[in-house]
Amino acid sequence: MSQDLAQKIAFITGASSGIGLATARAFAAQGARLLLAARRQDRLESERATLAGAGDVHTLQLDVTDHAAVERAIAALPQQWQAIDILVNNAGLSRGLDKVYEGKRLDWEEMIDTNVKGLLYVTRAVVPGMVSRGRGHIVNLGSTAGRMTYPNGAVYCATKAAERSITEGLREDLLGTPLRVTTIDPGMVETEFSEVRFRGDKARAAKVYENIKPLTPEDVADAIVYAVTRPAHVNISEVLLTPVAQANSLLFHRTTK
Ligand SMILES: NC(=O)c1ccc[n+]([C@@H]2O[C@H](COP(=O)([O-])OP(=O)(O)OC[C@H]3O[C@@H](n4cnc5c(N)ncnc54)[C@H](OP(=O)(O)O)[C@@H]3O)[C@@H](O)[C@H]2O)c1
């Protein structure tokens, strides 16, 4: 029997925008209770109105790169929010497009701290409770970038390759428990991702999505909902989804006007 999300507690990191927000909306539509985290709590609050159907919503101002803050936030959850059923490790970013030998150290630090260490910190804080309750599903956001490195993106790609290894290892480590572990690996999705990568340069970000139909955040949320609603004995290990006009990390088909 497929699983029902009604009243399940879903903790989504990076829920203030893009894929995280679309996932929150899709889970809300199925009656889930939403624990939503991001640095911009004001954005989480202003999106409450778009979370129709949610059992309940609790927002957290949280920077996943701050391990002490992550531990504190999870330990301090109100009693009725502690039994997290689904963790979506979605918070992530890219910074810049540079050759490795010309890269900016602070960009590297931020990507590794967020996409790799942040994912580990949140996982370490949440999963022990799932193990002791004997139920839970961890969904990590990977990328086509973790499967094939593209030029000028080595460090971002490396963080997503790390996500792939961590997801695989977590699944191995949880073998023998009822917990499930999934990586969702999208290709190009139109979100704030490129604007963040180019530090607010909207024109440059818009060029990424020019003359091509990218995935929408809702397309990715749909894959996440699919993974978490399978019958309890089914583990969707990975979902790789791209726009039709994208073959892999390197090959895109753009229409000419
Ligand atoms: N867009 C794509 O083409 C694409 C493709 C494959 C995979 N992905 C992955 O999908 C995930 C979501 O990205 P998106 O495309 O939806 O981008 P987005 O629209 O920029 O959303 C990123 C989210 O991550 C949050 N975040 C960033 N740093 C954080 C931190 N230190 N602590 C807490 N939250 C943080 C942001 O919230 P605040 O700024 O409010 O903290 C925001 O809610 C990322 O892991 C990304 O690598 C994206």
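Only lysine pairs 8 or more places apart, or on different chains, with alpha-carbon atoms under 24 angstrom apart are counted in the chain, and they number 15.
Once C-alpha pairs closer than 8 Å and six or more residues apart are averaged by separation and normalised to the residue number of the chain, the relative contact order reads 21 percent. With the convex hull of the Cα atoms taken as the outline of region 5-70, the averaged projected area works out to 3.9 nm².
Would you mind ranking His58, His253 so that the residue whose beta carbon has the fewest other beta carbons within 10 Å leads the list?
His253, His58
Which value at 222 nm does the chain reach when only helices count, each DSSP H run of 4 or more adding -39,500 (n - 2.57), with the total divided by all residues and rounded to the nearest 500 deg cm²/dmol? Could the numbers behind the result be given before it?
Values: 9 runs with 93 residues, N = 257.
Calculated at 222 nm, the ellipticity per residue is -10500 deg cm²/dmol.
Within the chain, antiparallel bridges make up roughly 5 percent of the DSSP beta bridges whose residues both belong there. Of Ala227, Ala15, Ala247, the residue with the greatest mean-square motion in the GNM of the chain, using alpha carbon springs below 10 Å, is Ala247. Taking other residues whose beta carbon is less than 15 angstrom from the beta carbon of Ala15, and scoring Lys, Arg as +1 and Asp, Glu as -1, yields -1. Our coupling estimate for region 206-216, obtained by passing each phi through the Karplus curve with A = 6.51, B = -1.76, C = 1.60 and θ = phi - 60°, is 4, 4, 4, 9, 7, 6, 8, 9, x, 5, 9 Hz, Gly and Pro reported as x.
Compared with the alpha-carbon gap, the fully stretched path from Thr216 to Arg48 is longer by 58.4 nm at 0.36 nm per residue.
Taking 13 Å as the cut-off, no amide N atom of region 86-108 comes nearer than this to a point 7 Å along the Cα-to-beta-carbon line of Leu241.
The ranking of Lys160, Lys207 by Cβ neighbour count inside 10 Å, starting from the fewest, reads Lys207, Lys160. Legend: ranking of residues Phe193, Phe252 from fewest to most surrounding C-beta atoms inside 10 Å; resulting order Phe252, Phe193.
With q set to 0.16, 0.20, 0.23 Å⁻¹, the log10 of I(q)/I(0) for region 69-153, from the Debye formula over equal scatterers at the Cα positions, is -0.72, -0.94, -1.12. For Lys202 and Arg40, a Förster radius of 22 Å and the Cβ-Cβ distance give a FRET efficiency of 0.80, rounded to the nearest 0.05.
Run the quick spin-label model on Arg105 and Arg230: label points 7 Å from Cα toward the beta carbon, then report their separation in nm to one decimal. Going from the Arg105 label point to the Arg230 one covers 4.4 nm. Dipole magnitude for the chain: about 220 debye, using +1 per Lys or Arg Cβ and -1 per Asp or Glu Cβ, origin at the Cα centre.
Here, the chain has an Rg and a Dmax of 17.6, 57 Å when only alpha carbons are counted.
Stick to the Cα atoms of region 108-257, pair each with every other, and give me the Kirkwood hydrodynamic radius in Å at one decimal. With all distinct Cα pairs of region 108-257 included, I get 16.6 Å. The local environment of Val239, defined by Cβ-Cβ distances under 12 Å, has a net charge of -3 under the rule Lys, Arg +1 and Asp, Glu -1.
Coordinate-derived values only; no laboratory data. Since the structure is predicted, the reported quantities are computational estimates derived from the model, not experimental observations. Glycine gets a Cβ as well: all are built from the backbone with ideal geometry, and neighbour counts include every protein chain shown.
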